[in-house]
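Trainee: Encoded as structure tokens, here's the structure I'll be asking about.
The values are calculated or read from the model by the stated rules, or taken from the named source; none is laboratory data. These figures come from a predicted structure and were not determined experimentally. Here the Cβ positions follow ideal geometry from the backbone for every residue, glycine too, while neighbour counts run over all protein chains shown. Heads up: the accessible areas ignore ligands, DNA and RNA and are worked out on the full protein's heavy atoms, side chains in. Shrake-Rupley method; radii C 1.70, N 1.55, O 1.52, S 1.80 Å.
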Amino acid sequence: MKKLISIEGMSCNHCTNHVTDALEEIGAEKINVSLEKKSAELDINDSVTDEKIKLAIEDAGYDVVKIVNI
């Protein structure tokens, strides 16, 4: 399933790497984190809930504004 996540709090490429690493840890693939768009696009197994995605990003230190299926 493809997801688009709006993220606040990223200010540099190091931040995008943190988000990418957090998403990889929960099994996401084809991750594209954009500092300019303040978002991440990814493919993830249907069994991973939006709440789990949100917690992974928040544990990395960033705020999730919304998650939508694309």
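Trainee: Which pairs do you get when a residue that is over 19 Å from C12 (Cα atoms), found in the range 48-69, comes within reach of a residue that is part of a helix (DSSP H, G or I) and modelled with pLDDT of 95 or more, reach meaning Cβ atoms under 7 angstrom, with the pair 6+ apart or on two chains?
Mentor: As it stands, the answer is I67/D50; I67/I53; I67/K54, since those pairs meet every condition given.
Trainee: Next up: Please go through the range 28-52 and pick out each residue that is open to solvent by less than 90 Å² (accessible area, probe 1.4 Å), within 15 Å of I67 (Cβ to Cβ) and of a type outside the set (S, T, N, Q).
Mentor: A28, I31, V33, A40, E41, L42, D43, I44, V48, D50
Trainee: Also: Filter the range 6-27 down to residues that are under 15 Å from V68 (Cα atoms) and in contact with an Asp or Glu (Cβ under 8 Å, 6 or more places away or on another chain), then give me how many there are. Before the answer, list the steps.
Mentor: Step one: filter the range 6-27 for residues under 15 Å from V68 (Cα atoms), giving 6-7.
Of the ones still in play, those that are also in contact with an Asp or Glu (Cβ under 8 Å, 6 or more places away or on another chain) are 7.
Residues that pass the stated criteria total 1.
Trainee: Could I ask something else about it? Can you find, within the range 5-27, the residue that is most open to solvent (accessible area, probe 1.4 Å) among those that are among the aliphatic types (A, V, I, L, M) and more than 11 Å from K38 (Cβ to Cβ)? It would help to see each step written out before you state the result.
Mentor: Let us first name the residues in the range 5-27 that are among the aliphatic types (A, V, I, L, M), namely 5, 7, 10, 19, 22-23, 26.
Right, trim to more than 11 Å from K38 (Cβ to Cβ) and you get 22-23, 26.
Details: A22: 12, L23: 0, I26: 32 Å².
Looking at the filtered set, the residue picked out is I26.
Trainee: Give the residue that is least open to solvent (accessible area, probe 1.4 Å), with candidates limited to residues of the range 54-70 that are small (G, A, S) and in a loop (DSSP other than H, G, I, E, B). Let's see the steps before the verdict.
Mentor: Our first condition is that a residue be small (G, A, S); within the range 54-70, this holds for 56, 60-61.
Next, only the ones that are in a loop (DSSP other than H, G, I, E, B) stay: 60-61.
Details: A60: 33, G61: 58 Å².
Among those that are small (G, A, S) and in a loop (DSSP other than H, G, I, E, B), it is A60.
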